Amino acid sequence: MVYLPPPDISRNRPSYAEAYGKILKAHRESPLTSASSVIMLVAPDVDALCAARMMAELFRQDDVIYRIMPISGIAELERVRDELITYNELHTLILFNMGGILDLPSSEWFGDFRPGMSVHVIDSARPQNLSSLFGGGENGERIIVWDDGSAERLAEERKAWEALMYEPEPDSDEDDSNYDSEDGFNESLEEDADEEFEEGSSGGRKRRSLGDGNRKGKRRRTSEDHPRRMSRDERDAHMARLEKHYMAGTWHGQCASGTIYVLATLLERADIDLLWFAVLGLTFQYTTSRISRDKYDDYQSIYSDEVVRLSPPLPPGERNTASSNPDDHGIRTTDELRFMLYRHWTLYDAMFHSSYVAGKLGIWKERGRKKLTGLLAKMGFSIPQTQQPYPHMDMDLKRSLVQKLDDIAPEYGLIELSYPSFMKCYGYQSQPLSAADAVEGVSALLDLAGGVKMEVEVEGSRNGGEWFGGGKVWEIHGLSTKRRWAVEEDRENIPPNGQNTTVASNVKKTEGENNADGAKKEVAWWIRNFWVAFDALADIEALKHSLNLSMTLHRAIIRQGTSIIDKQDIRTMRNHRVVVLTQGPDLPLFSHPGVLSRLALWLVDALRDKLPGKVVSTRTKRKSLPFVVACLNEASNLYIVVGVMAATDFGDVRKNEFGLAFLDAKERCNARTRHSSFDTSILEINQADLPVFLETLCEGSGY
Amino acid sequence: MSLPQSLRTSITPPELEFIASQQLIEIIPLIAMEKTAFISGAFGPLQPPRRAKTPLWMAINLKLKKKCHIVAPEWLSVEFLQSRLDEELSEPGYSRLPFRYAEVSKVLLDVASDDIQSTDKIRSLLKDLREARQAKSREGLEELNRSELSLSNLSSMEINEIRPFFVHAMGILTHLHRDASTED
């Protein structure tokens with residue numbers, strides 16, 4: 001059995017709990033058990049982080065020793081795989097949010113590992129590779145895909161795939177797709193992305209590799225001369241079916257942390273902490289537009305039932321927004337407003353920086369800003385009040401905020417401003433933290449904790465304050481005392497009140513670029529970010545600290561976004577819109593794929609009403625808003641390109657077809673590209689090839 | 001001995017906590033375990049839902065893995081501590097408390113706060129108790145007598161607190177007394 005259905009669908013078939021039991025059994029019975037027996041490979045996004053954390057907790061309770069390795073992209077995965085094949089004691093490999101699209105039973109990935117080893121894939125990205133799902137045999141049996149029920153509906157695809165797989169004698173002109181091994185910043189980066197769409201497995205069969213550059217001209221050879229048990233039509237039908245499965249674009253299923261939560265429930269070990277991580281994974285998927293509002297509502301109602309089930313009952317009349325006692329670490333359901341981090345900076349800022357409000361009111365123009373203050377005034381909030389940090393606002397204003405918004409905001413076109421969500425209490429240690437804020441903080445840490453110098457505003461420094469304002473450089477919470485560098489570059493710029501934090505001396509946060517200290521081991525910036533974010537998931541102080549970073553990030557996104565819209569930098573191609581960033585103060589910031597995706601999403605949200613949707617896909621007739629954003633990374637002369645396919649309605653999502661479009665364009669213009677992350681709609685391309693690439697992208701079939 | 005300077009004066013509180021963790025405590029196990037031999041003795045069998053007595057360290061370990069519920073000892077309750085606090089405030093001597101109450105209560109409140117009733121009240125009571133007793137110790141130290149001192153009902157943490165100063169002071173007092181008597 002290669003894929004695991006979720007427990008409500010599987011009656012007699014093994015499900016998650018059995019797979020988990022298998023891991024435990026292998027761990028306890030294997031004589032070679034050591035620290036590397038169970039390894040978890042984790043992709044760098046919030047959902048995978050939460051899932052890994054939950055799994056780690058379950059393992060810890062069962063006394064299983066595990067190891068977590070962060071993996072940033074396919075290249076890294078290949079490298080790690082080569083290393084892992086040498087480990088004798090490895091018997092379980094768990095992949096979080098990666099590998100769903102890869103053909104895992106093939107010898108290129110995990111086919112050559114020893115038979116006792118099993119690979120569990122918990123990936124929210126769809127579509128998934130059919131041979132990983134359905135492949136049988138020795139190689140196939142060891143790949144276990146934890147599915148959320150969508151694989152059940154792939155019965156047709158399964159038939160088609162099996163028909164094509166087990167067809168009788170191949171002809172001699174079978175196409176072997178070549179896998180160039182790809183390393184680092186090598187220029188010949190052709191086929192690394194092709195494996196994702198490979199659907200064949202062990203050799204001798206006709207394969208159809210989609211998007212392979214070399215074989216552009218070789219289509220399926222005619223084979224009327226060979227006697228076949230399947231007619232041409234049937235074969236075509238099967239092929240078409242498979243093609244439809246893979247070519248429909250990418251979308252997301254149940255979040256990985258949700259899957260692990262289901263496992264915990266099966267094992268009857270679900271508790272509030274695990275539920276919180278599942279909530280974070282779900283909120284991440286919603287706020288980054290990976291799932292639609294409807295699906296979010298479904299999951300949210302399930303989780304709020306769980307909250308009721310797992311929490312001790314609240315005494316009646318208890319106010320829902322504060323911890324009731326110092327040991328209260330529970331979760332409460334609340335309605336979350338769509339403003340970015342609104343509990344942590346001023347109300348005006350929060351509304352200003354949220355992409356939904358920005359779009360509806362047109363924040364980048366002066367007129368829009370006036371509209372915003374007008375709206376706030378109508379609700380009864382005076383300007384000084386809205387410029388106060390939220391915790392200092394008047395209590396009655398805070399209480400009436402949601403109500404007033406519901407009443408008055410529709411006049412400005414702002415509907416659906418709140419959505420049901422959760423927040424976690426931390427006893428008396430701090431104010432309760434909402435899920436959306438936590439997700440923002442953690443993803444800011446993942447993107448930016450190290451490697452880019454970010455200046456953070458000091459509270460009270462605005463409006464002249466007491467001192468002359470200014471910022472201080474953000475440093476990782478708790479790490480600062482260890483780094484007393486002699487570098488004094490910014491010493492002049494510390495404002496007089498910049499010393500009121502725990503750090504006495506100035507710290508230059510350049511861990512990613514280890515310039516002075518040769519004795520320190522060089523660690524890739526994303527690995528460091530990963531661990532900082534991982535630790536922050538459980539540490540409320542670090543998480544609150546990271547919110548400052550997130551705010552700075554949002555400011556930068558707004559700056560860049562408004563300048564793009566002001567300068568009318570958006571070029572409209574035949575089927576999509578392109579923005580290319582080549583200069584600006586924040587350029588190094590936007591050369592991170594995560595940050596660039598956020599900018600793309602912001603632009604889409606902001607311009608949703610101003611731009612008409614286009615019917616882009618050849619499959620459905622629904623309109624969508626395709627957007628491509630490219631940013632120059634000056635240091636390495638590469639452009640990072642992100643493609644976003646947004647829906648015309650707020651709260652809806654479309655399948656992202658840019659992954660395929662990029663591959664298509666790349667093969668046609670022979671650009672040198674690289675996929676640096678697991679998301680196929682993010683691409684790195686050589687500087688010189690960008691213009692040609694963008695042109696071919698337009699000419700592409702439907703894109 | 002090769003301890004660093006800071007550790008040579010007395011035992012540290014974590015060490016006291018470690019020693020206190022050997023006490024037996026009652027738990028309600030959620031998993032089954034046979035009678036197993038450990039270094040300090042044989043414990044078990046654990047048969048849910050019957051209660052069992054295990055050392056505190058084992059109870060904490062199981063609790064962290066969510067495999068048991070801890071039954072709070074009867075002195076860790078609001079009524080008991082309240083009555084002791086009243087006694088403390090009214091009488092000059094120290095009231096009777098379990099010898100290692102500070103360590104055990106800290107550990108239990110950290111790990112098993114959901115198994116104990118009204119933890120915030122208990123925390124405040126414990127704090128009050130500590131402050132009351134500390135006040136008494138401070139007064140008592142002024143009447144330091146070189147030959148004998150009897151302080152009954154002090155708990156192990158409090159003894160540990162006083163010990164370095166006390167030993168040193170007694171030594172000096174003896175010294176002074178000896179010098180004084182030789183001069184006569």
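The values are calculated or read from the model by the stated rules, or taken from the named source; none is laboratory data. Being a predicted model, the structure only gives us computed values, none of them experimental. As a convention, Cβ positions derive from the backbone with ideal geometry for all residues, glycine included, and neighbour counts pool all protein chains shown.
Looking at region A:97-110, can you tell me whether even one residue there is more than 14 Å from every other protein chain (Cβ to nearest Cβ), of a type in the set (S, T, N, Q), crowded, with 19+ Cβ neighbours inside 10 Å and out of contact with any strand residue (DSSP E or B) (no Cβ under 8 Å at 6 or more places or on another chain)? Scanning region A:97-110 turns up at least one residue that is more than 14 Å from every other protein chain (Cβ to nearest Cβ), of a type in the set (S, T, N, Q), crowded, with 19+ Cβ neighbours inside 10 Å and out of contact with any strand residue (DSSP E or B) (no Cβ under 8 Å at 6 or more places or on another chain). In region B:53-102, the residue that is farthest from the other protein chains (Cβ to nearest Cβ) out of those that are more than 30 Å from A:MET55 (Cα to Cα), outside any loop (DSSP other than H, G, I, E, B) and over 18 Å from the mean Cα position of the chain (by Cα) is B:SER90. Would you confirm whether or not region B:18-25 contains a residue that is among the polar types (S, T, N, Q), within 22 Å of the chain's Cα centre (by Cα) and modelled with pLDDT under 90? No, region B:18-25 has no match at all. Checking each residue in region B:114-123 for being under 17 Å from B:VAL71 (Cα atoms), at pLDDT 85 or above and facing chain A (nearest Cβ under 10 Å) picks out B:ILE116, B:SER118, B:THR119. In region B:99-108, how many residues are crowded, with 17+ Cβ neighbours inside 10 Å and farther than 16 Å from B:TRP57 by Cβ? So the count comes out to 2. Being out of contact with any Asp or Glu (no Cβ under 9 Å at 6 or more places or on another chain), free of Cβ contacts under 8 Å to residues at least 60 places away in the same chain, within 29 Å of A:ASP271 (Cα to Cα) and more than 14 Å from every other protein chain (Cβ to nearest Cβ) is a property that does not hold for B:PHE18.
Tell me whether region A:241-248 contains one or more residues that are crowded, with 21+ Cβ neighbours inside 10 Å, away from every other protein chain (no Cβ under 14 Å), at pLDDT 50 or above and farther than 20 Å from A:LEU663 by Cα. So far as region A:241-248 goes, no, none of its residues is crowded, with 21+ Cβ neighbours inside 10 Å, away from every other protein chain (no Cβ under 14 Å), at pLDDT 50 or above and farther than 20 Å from A:LEU663 by Cα.
Going through region A:237-257 one residue at a time, which ones are part of a helix (DSSP H, G or I) and in contact with a strand residue (DSSP E or B) (Cβ under 8 Å, 6 or more places away or on another chain)? So that I can check it myself, show each step before the final result.
First pass over region A:237-257, keeping only residues part of a helix (DSSP H, G or I): A:237-247, A:256-257.
Once the filter is applied, which keeps residues that are part of a helix (DSSP H, G or I) and in contact with a strand residue (DSSP E or B) (Cβ under 8 Å, 6 or more places away or on another chain), region A:237-257 yields only A:ALA256.
Quick check: is even one residue across region B:124-131 under 18 Å from the mean Cα position of the chain (by Cα), at negative phi, of a type in the set (Ser, Thr, Tyr) and within 14 Å of chain A (Cβ to nearest Cβ)? Yes.
How many residues are of a type in the set (Ser, Thr, Tyr) and out of contact with any Phe, Trp or Tyr (no Cβ under 8 Å at 6 or more places or on another chain) when one looks only at region A:642-682? Quick ask: steps written out before the conclusion?
Going residue by residue through region A:642-682, those that are of a type in the set (Ser, Thr, Tyr) are A:648, A:673, A:676-677, A:680-681.
Now restrict to residues that are out of contact with any Phe, Trp or Tyr (no Cβ under 8 Å at 6 or more places or on another chain): A:648, A:676-677.
Matching residues across region A:642-682 total 3.
Collect the residues in region A:53-96 that are among the acidic types (Asp, Glu) and away from chain B (no Cβ under 14 Å), keeping them in residue-number order. Walk me through how you get there before you give the answer.
Just the residues of region A:53-96 that are among the acidic types (Asp, Glu), to begin with: A:57, A:62-63, A:76, A:78, A:82-83, A:89.
Answer for region A:53-96, where residues must be among the acidic types (Asp, Glu) and away from chain B (no Cβ under 14 Å): A:GLU76, A:GLU78, A:ASP82, A:GLU83, A:GLU89.
For region A:1-30, which positions are part of a loop (DSSP other than H, G, I, E, B), at pLDDT 75 or above and surrounded by fewer than 18 Cβ atoms within 10 Å (Cβ to Cβ)?
Looking only at region A:1-30, we keep the residues that are part of a loop (DSSP other than H, G, I, E, B), and these are A:1-2, A:5-15, A:30.
Now narrow it down to the ones that are at pLDDT 75 or above: A:15, A:30.
Answer for region A:1-30, where residues must be part of a loop (DSSP other than H, G, I, E, B), at pLDDT 75 or above and surrounded by fewer than 18 Cβ atoms within 10 Å (Cβ to Cβ): just A:SER30.
With respect to the stated conditions, A:ALA52 is buried (at least 21 other Cβ atoms within 10 Å of the Cβ) and not in a loop (DSSP other than H, G, I, E, B). Surrounded by 11 or more Cβ atoms within 10 Å (Cβ to Cβ), within 14 Å of chain A (Cβ to nearest Cβ) and either touching a residue at least 24 places away in the same chain (Cβ under 8 Å) or of a type in the set (Gly, Ala, Ser) (or both) - does that describe any residue in region B:141-150? No, there is no match, as no residue in region B:141-150 is surrounded by 11 or more Cβ atoms within 10 Å (Cβ to Cβ), within 14 Å of chain A (Cβ to nearest Cβ) and either touching a residue at least 24 places away in the same chain (Cβ under 8 Å) or of a type in the set (Gly, Ala, Ser) (or both).
Look through region A:78-130, keep the residues that are hydroxyl-bearing (Ser, Thr, Tyr) and more than 19 Å from the chain's Cα centre (by Cα), and return whichever of them is modelled with the lowest pLDDT. Step through it out loud before you land on a result.
Going through region A:78-130, the residues hydroxyl-bearing (Ser, Thr, Tyr) turn out to be A:86-87, A:92, A:106-107, A:118, A:124.
Adding the requirement that they be more than 19 Å from the chain's Cα centre (by Cα) leaves A:86-87, A:92, A:106-107, A:118.
On the way: A:THR86: 84, A:TYR87: 83, A:THR92: 88, A:SER106: 75, A:SER107: 70, A:SER118: 85.
Selected residue: A:SER107.
A:SER72: assigned to a loop (DSSP other than H, G, I, E, B), over 26 Å from the mean Cα position of the chain (by Cα) and on the phi < 0 side of the Ramachandran plot, yes or no? For A:SER72, the condition - assigned to a loop (DSSP other than H, G, I, E, B), over 26 Å from the mean Cα position of the chain (by Cα) and on the phi < 0 side of the Ramachandran plot - is not met.
Within region A:131-151, the set of residues being assigned to a loop (DSSP other than H, G, I, E, B), surrounded by 24 or more Cβ atoms within 10 Å (Cβ to Cβ) and at pLDDT 75 or above comprises just one member, A:ASP147.
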